[in-house]
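Colleague: Below is a structure I'd like to ask you about.
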Amino acid sequence: MKTYLLRYSPMGLLFLMPLLVSLACLSLTGSTPTPTRASTQALEEAVSVEVDVEFGPGSFNFPDTKEGLADLPSYKAILIMSFDGIRDGQAYKWSKTYVMSSAKEPAALQLTIEKTGDLVDLDPVFMTEANGASYERHGENECTAIAIEEGNSLRERLEPAGFLIFVIGAEESGSETVNDIETVHYTFDEQAFGQSNMAQSTGEMWVASDGGYIVKYLLTTKGNADYFGEGIEGTLILDYQLTDINQPVTVNLPGDCPAGMVNAPLLPDASNILNIPGLLSYNTVSSLPDAAAFYQEKILGLGWALIGEAAITETTALMKFTQGDQILTIMITTETGVTTITILLEKAQE
């Protein structure tokens with residue numbers, strides 16, 4: 001056993017105990033914590049503290065469970081998170097299965113979440129990123145789309161490997177081939193999380209010999225109310241595997257999902273820009289004839305075909321283009337020296 005003297009900010013301390021907080025207590029209610037920007041800033045500005053933490057006896061450390069994934073051309077990650085125990089004297093059992101398919105070129109990202117058992121919300125979840133938008137559907141509800149915000153992509157928020165627990169002081173247990181990948185096998189227990197005397201854990205992880213990413217991870221944690229929360233005791237299991245490395249990924253967007261982001265050029269002096277899924281609008285001081293000529297040239301150059309003829313008057317212009325199963329409508333209006341461009345993207349009616 002090794003003893004480390006570590007210096008953490010409060011955010012670092014939150015990272016130190018993700019099993020206790022993020023996976024055990026909060027997963028039992030089916031919720032996913034999302035710190036607000038204000039609370040995160042307050043924590044980061046707080047004074048650092050020093051703590052003595054006892055970790056595992058081995059020499060292997062794996063502090064970032066998403067290590068190496070960004071370098072893979074494509075993969076499928078599967079995480080099964082399950083609990084079997086008692087809550088307030090009654091049997092309490094549930095599971096969540098996360099499946100993420102990810103590829104760089106062409107860019108593709110899809111996540112599904114299936115849930116069973118005694119969770120409050122059992123609706124399946126479908127999420128994907130395509131056409132510059134993030135799509136989401138819960139159960140039988142309609143598919144919605146929003147623009148992808150920087151730093152808030154699916155990969156950053158819900159990468160299955162991000163739910164795993166970092167390991168410090170694991171012990172090597174030989175080499176194995178897992179999912180057709182050469183790996184090094186490691187074993188560990190609750191000491192690897194700095195959580196001795198809080199619960200009993202047994203864990204194994206298989207790390208790719210070439211690439212250093214987790215190929216398989218299995219963690220079983222037994223605890224009582226002191227660990228899982230008032231009235232709850234039982235066993236929590238995390239079962240993670242990485243498969244289909246360097247295999248093609250296909251994103252199947254449901255037919256009722258709205259159109260994605262409008263991929264159209266802007267005039268150089270564009271102002272008051274609004275860009276959301278299916279709609280791009282802005283103002284310009286360019287004349288209506290110049291704006292209409294600009295879009296007739298640029299949109300055709302992007303592979304769209306003009307439907308019929310452009311309808312252009314002194315104050316308005318209307319043009320429709322088609323490409324595949326999508327229709328692009330460009331409306332241009334002018335008033336008191338200000339020209340307004342409105343571009344709508346929608347799916348063609350079947």
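The values are calculated or read from the model by the stated rules, or taken from the named source; none is laboratory data. Keep in mind the model is a prediction, meaning the values are calculated, not measured. Here Cβ is always computed from backbone atoms with ideal geometry, including for glycine, and neighbour counts include all displayed protein chains.
Colleague: Can you report the number of residues in region 154-180 which are in contact with a Ser or Thr (Cβ under 8 Å, 6 or more places away or on another chain) and farther than 24 Å from Ser82 by Cα?
Modeller: 7
Colleague: From the set of residues in region 39-88 that are at pLDDT 50 or above and of a type in the set (S, T, N, Q), which is surrounded by the fewest Cβ atoms within 10 Å (Cβ to Cβ)?
Modeller: Ser59
Colleague: Looking at region 124-155, which of its residues are more than 21 Å from Ile276 (Cα to Cα) and exposed (fewer than 15 other Cβ atoms within 10 Å of the Cβ)?
Modeller: Answer for region 124-155, where residues must be more than 21 Å from Ile276 (Cα to Cα) and exposed (fewer than 15 other Cβ atoms within 10 Å of the Cβ): Pro124, Gly139, Glu140.
Colleague: Further, regarding this structure: Spot the failing condition for Gly151; the list is (1) in a loop (DSSP other than H, G, I, E, B); (2) on the phi < 0 side of the Ramachandran plot, and only one is missed.
Modeller: (2)
Colleague: Write out, first by first residue and then by second, each pair whose Cβ atoms fall under 6 Å of each other, whose residues are 6+ apart or on separate chains, and whose first residue, in region 222-240, is assigned to a loop (DSSP other than H, G, I, E, B) while the second is of a type in the set (Lys, Arg).
Modeller: Gly231/Arg87
Colleague: Among the residues of region 165-173, is there at least one that is in contact with a Phe, Trp or Tyr (Cβ under 9 Å, 6 or more places away or on another chain) and closer than 21 Å to Lys96 by Cβ?
Modeller: Residues of region 165-173 in contact with a Phe, Trp or Tyr (Cβ under 9 Å, 6 or more places away or on another chain): 165-173.
Next, only the ones that are closer than 21 Å to Lys96 by Cβ stay: 165-166.
Looking through region 165-173, at least one residue is in contact with a Phe, Trp or Tyr (Cβ under 9 Å, 6 or more places away or on another chain) and closer than 21 Å to Lys96 by Cβ.
Colleague: Sort through Thr342, Thr315 and tell me the only one that's of a type in the set (S, T, N, Q) and touching a residue at least 60 places away in the same chain (Cβ under 8 Å). Full working, then the answer.
Modeller: On the way: Thr315 fails: touching a residue at least 60 places away in the same chain (Cβ under 8 Å).
Of the residues listed, the single one that is of a type in the set (S, T, N, Q) and touching a residue at least 60 places away in the same chain (Cβ under 8 Å) is Thr342.
Colleague: Output the residue which, of all residues in region 50-93 that are assigned to a strand (DSSP E or B) and basic (Lys, Arg), is farthest from the chain's Cα centre (by Cα). Before the answer, list the steps.
Modeller: So in region 50-93, the residues assigned to a strand (DSSP E or B) come out as 50-55, 60-62, 74-87, 90-93.
Among the residues that remain, those that are also basic (Lys, Arg) are: 76, 87, 93.
On the way: Lys76: 13, Arg87: 30, Lys93: 26 Å.
Restricting to residues being assigned to a strand (DSSP E or B) and basic (Lys, Arg), the top hit is Arg87.
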